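Written out below as structure tokens is the structure these notes cover.
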Amino acid sequence: MKKRSPTSLEYALLGLVHMQPRTGYDLRKIFETTPMGHYSSSPGAIYPALKRLEQQWLIEGEVAAQDTMRPKRIYSATPHGVDILREWVSQAILTEDLLRKDDELMLRFALMGTVVDHNVTRRFLEQMLQALESYIPELEEVLATLSDVGPPHGRLALSSGIEAYKARRRWAQEAIQEFPSAGNRGRKK
């Protein structure tokens, strides 16, 4: 039987417990109070995901304060979990990722700082920039073919999408400057 890959929620949990050991309650609070709020803070989503990660040996939970009425289970990433996280954040970026996995791309980027070096981060950003630079002109060609006849809604919606991709392209260009290439260490532009 093929082993299933973790979901985006599971990768988010794995990354968070790699950064710092946390309880399920701590993780729920992060999802409730930070920009990661688009993940469910529901115990019905988080605790089963933590259990699946434990079953795959990606995290381990240790019971703390066993002598209290409510013992806490504190989760941390296993070495295998860190390897899986590193592999996931380092994947090549495909145009399809831009279309369907934008939030996942940003999650991968956000978690990179704890598991990969600057070279991998820069490569990720360069791949993102390259995918955007090839995809934006395709969209602009489609936009140019849309007629000004009839309701403008579709044309304006596509135009909005193009502007969002252009904003991400500008961000990627600026972010690359934070991670100088090996030959340019210490020379931030």
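The values are calculated or read from the model by the stated rules, or taken from the named source; none is laboratory data. Bear in mind that the values here come from a model prediction, so they are computed numbers and not experimental data. So basically every Cβ, Gly included, is an ideal-geometry build from the backbone, and we count neighbours across all protein chains shown.
Considering only the range 144-160, how many residues are exposed (fewer than 14 other Cβ atoms within 10 Å of the Cβ) and either not assigned by TED's automatic domain parsing to the domain that holds LEU99 or not hydroxyl-bearing (Ser, Thr, Tyr) (or both)?
The qualifying residues number 10.
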Requested in this report: State whether the residues of the range 84-99 include one that is hydrophobic (A, V, I, L, M, F, W, C), more than 22 Å from the chain's Cα centre (by Cα) and under 26 Å from PRO43 (Cα atoms).
Outcome: no
Query raised in the report: If you check every pair at least six apart or on different chains, which have Cβ atoms under 7 Å apart with a residue in the range 66-79 that is at negative phi first and a residue that is at pLDDT below 75 and of a type outside the set (Val, Ile, Thr) second?
Result: PRO71/ALA65; LYS72/ALA65
Query raised in the report: Across the range 1-55, what is the number of residues that are in a loop (DSSP other than H, G, I, E, B) and either touching an Asp or Glu at 6+ places or on another chain (Cβ under 6 Å) or of a type in the set (D, E, K, R) (or both)?
Result: 4
Query - Options ASP103, ASP83, ASP117; residue that is in contact (Cβ under 8 Å) with a residue 12 or more places away in the chain, within 26 Å of GLN56 (Cβ to Cβ) and acidic (Asp, Glu) - result: ASP103
Query raised in the report: Any residue in the range 94-111 that is within 25 Å of ALA164 (Cα to Cα) and of a type in the set (Gly, Ala, Ser)?
Result: yes
Query raised in the report: Can you find even one residue in the range 94-103 that is of a type in the set (D, E, K, R), part of a helix (DSSP H, G or I) and crowded, with 16+ Cβ neighbours inside 10 Å?
Result: yes
**Report entry** Only listed residue being within 20 Å of LEU16 (Cβ to Cβ), modelled with pLDDT of 95 or more and out of contact with any Pro (no Cβ under 8 Å at 6 or more places or on another chain), chosen from ARG169, ARG86, ARG73
**Finding:** ARG86
Query raised in the report: Which residue, of GLN20, GLN55, is within 21 Å of VAL116 (Cβ to Cβ), of a type in the set (S, T, N, Q) and not assigned by TED's automatic domain parsing to the domain that holds ALA110?
Result: GLN20
Query raised in the report: In this structure, is GLU138 acidic (Asp, Glu), surrounded by 15 or more Cβ atoms within 10 Å (Cβ to Cβ) and at negative phi?
Result: no
Requested in this report: Output the number of residues of the range 111-124 satisfying the condition of being over 15 Å from ALA77 (Cβ atoms) and either of a type in the set (S, T, N, Q) or surrounded by 16 or more Cβ atoms within 10 Å (Cβ to Cβ) (or both).
Outcome: 5
